[in-house]
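Trainee: Shown below is the structure under consideration.
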Amino acid sequence: MNTELKVSLIQTSLVWGNPIQNRINLEQKIRTINEKTDIVILPEMFTTGFSMNPDSLAENMNGITIDWMTKLANELDIAITGSIIIEENNLFRNRLIFVTPEGKIQHYDKRHTFTLAGEHEVYEAGKEKLVFDYLGWKICPLICYDLRFPVWARNAENYDLLLYVANWPKPRINAWDTLLKARAIENMSYCIGVNRVGLDANALEYSGHSACYDVLGNKISTIPANKEFIETVTLSKTHIKDYRSRLQFLQDQDRFSVSL
């Protein structure tokens, strides 16, 4: 078990609807990380931008992007995660993929599709929360709009790291900042959010604000807004254990189940 986990946040612009160029750009960025890292986090729909036109953009689980993630993860001895458009059983899904260096693949389908943009009319909502172990750390990955729904993120599994990948637009960035911090505090967990920057084809502007918060809601990252940036943060199991032992808030939480 690793007592420390090093996680690299890649805040980047995306080329609209161009998986080939996005993979090229992201691989270049990943290869510039010159310090030891365990996990690299990419934004939501990192090959396309937040598109509601998946017909020509969707891949399957044996597609080019997952093959690219698998080979790069193996070569660089890192885990890579982010969401892409997947077609499965004639349905489109906004699916987060987590690939380990050994080629093990975990996936999570976005539970809360963004109705304001019509995502619910195009993509099938996920029905299962994912919490898995990696290097002795329990990780719960979620996607963008999921951030607004604390019940879905509730730490009933005693996870160590809650992470969000996103295309969260600038006009509502204050909510992003506030909710990321809140999710860390209420779940006594590290909380990481990786958001894109730049403009998309719908003239929506994204300002980033990618960040990492510790279990007390202190920001431990220094990523600037409105620019491409990569930062590697170090997470500590000792930090989690010490504060959960002293402040046993999770033990006092209400017990209930979520109906889908």
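The values are calculated or read from the model by the stated rules, or taken from the named source; none is laboratory data. Source: prediction; values computed, not measured. Here the Cβ is made from the backbone with ideal geometry for all residues, glycine too, and neighbour counts use every protein chain on show.
Trainee: Residues to consider are Gln21, Gln28, Gln11; find the one that is more than 26 Å from Glu128 (Cβ to Cβ) and touching a His at 6+ places or on another chain (Cβ under 9 Å).
Mentor: Sole residue among the options that is more than 26 Å from Glu128 (Cβ to Cβ) and touching a His at 6+ places or on another chain (Cβ under 9 Å): Gln11.
Trainee: If you don't mind, there's one more thing I want to ask. Answer yes or no: is there a residue in region 235-245 that is among the aromatic types (Phe, Trp, Tyr) and in contact with a strand residue (DSSP E or B) (Cβ under 8 Å, 6 or more places away or on another chain).
Mentor: The answer is no; no qualifying residue exists.
Trainee: Within region 162-187, count every residue that is buried (at least 22 other Cβ atoms within 10 Å of the Cβ) and either at positive phi or not in a helix (DSSP H, G or I) (or both).
Mentor: First, pick out the residues of region 162-187 that are buried (at least 22 other Cβ atoms within 10 Å of the Cβ): 162-168, 176, 180, 183-184, 187.
After this cut, where a residue has to be either at positive phi or not in a helix (DSSP H, G or I) (or both) as well, the list is 162-168.
Number of matching residues: 7.
Trainee: Taking Tyr108, is it modelled with pLDDT of 95 or more and in contact with a His (Cβ under 6 Å, 6 or more places away or on another chain)?
Mentor: Here the answer is no, as Tyr108 does not meet what is asked.
Trainee: Could I ask something else about it? Among (1) crowded, with 17+ Cβ neighbours inside 10 Å; (2) not in a strand (DSSP E or B), which single condition is Pro224 missing?
Mentor: In the conditions (1) crowded, with 17+ Cβ neighbours inside 10 Å; (2) not in a strand (DSSP E or B), Pro224 misses (1) alone.
Trainee: For region 61-91, give me the residue count where each residue is in a loop (DSSP other than H, G, I, E, B), within 17 Å of Lys110 (Cβ to Cβ) and over 19 Å from the mean Cα position of the chain (by Cα).
Mentor: Summing the residues that are in a loop (DSSP other than H, G, I, E, B), within 17 Å of Lys110 (Cβ to Cβ) and over 19 Å from the mean Cα position of the chain (by Cα) in region 61-91 gives 1.
Trainee: Working only within region 115-153, note down all residues that are β-branched (Val, Ile, Thr) and surrounded by fewer than 14 Cβ atoms within 10 Å (Cβ to Cβ).
Mentor: Thr115, Val151
Trainee: Which pairs do you get when a residue that is under 20 Å from Lys170 (Cβ atoms), found in region 1-30, comes within reach of a residue that is of a type in the set (Lys, Arg), reach meaning Cβ atoms under 6 angstrom, with the pair 6+ apart or on two chains?
Mentor: Ile10/Lys29; Leu14/Arg196
Trainee: Then there's this: Out of the residues in region 1-52 that are in a loop (DSSP other than H, G, I, E, B), touching a Gly at 6+ places or on another chain (Cβ under 9 Å) and of a type in the set (Val, Ile, Thr), which is surrounded by the fewest Cβ atoms within 10 Å (Cβ to Cβ)?
Mentor: Once the filter is applied, the top-ranked residue is Thr3.
Trainee: Just name the residue that is nearest to Ser245 (Cα to Cα) out of those in region 188-204 that are assigned to a strand (DSSP E or B) and under 19 Å from the mean Cα position of the chain (by Cα).
Mentor: Per the criteria, the residue is Tyr190.
Trainee: Which of the residues that make up region 27-40 are of a type outside the set (Val, Ile, Thr) and in contact with a helix residue (DSSP H, G or I) (Cβ under 9 Å, 6 or more places away or on another chain)?
Mentor: Result: Glu27, Arg31.
Trainee: Looking at (1) buried (at least 18 other Cβ atoms within 10 Å of the Cβ); (2) of a type outside the set (S, T, N, Q); (3) closer than 23 Å to Met1 by Cβ, can you tell me which one Tyr206 breaks?
Mentor: (3)
Yes or no, residue by residue, for (1) in contact with a strand residue (DSSP E or B) (Cβ under 7 Å, 6 or more places away or on another chain); (2) without any contact (Cβ under 8 Å) to a residue 24 or more places away in the chain; (3) closer than 21 Å to Leu163 by Cβ:
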residue	(1), (2), (3)
Asn34	no, yes, no
Pro54	yes, no, no
Leu91	no, no, no
His112	no, no, yes
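Trainee: So, in region 53-93, exactly how many residues are buried (at least 23 other Cβ atoms within 10 Å of the Cβ) and among the basic types (Lys, Arg)?
Mentor: So the count comes out to 1.
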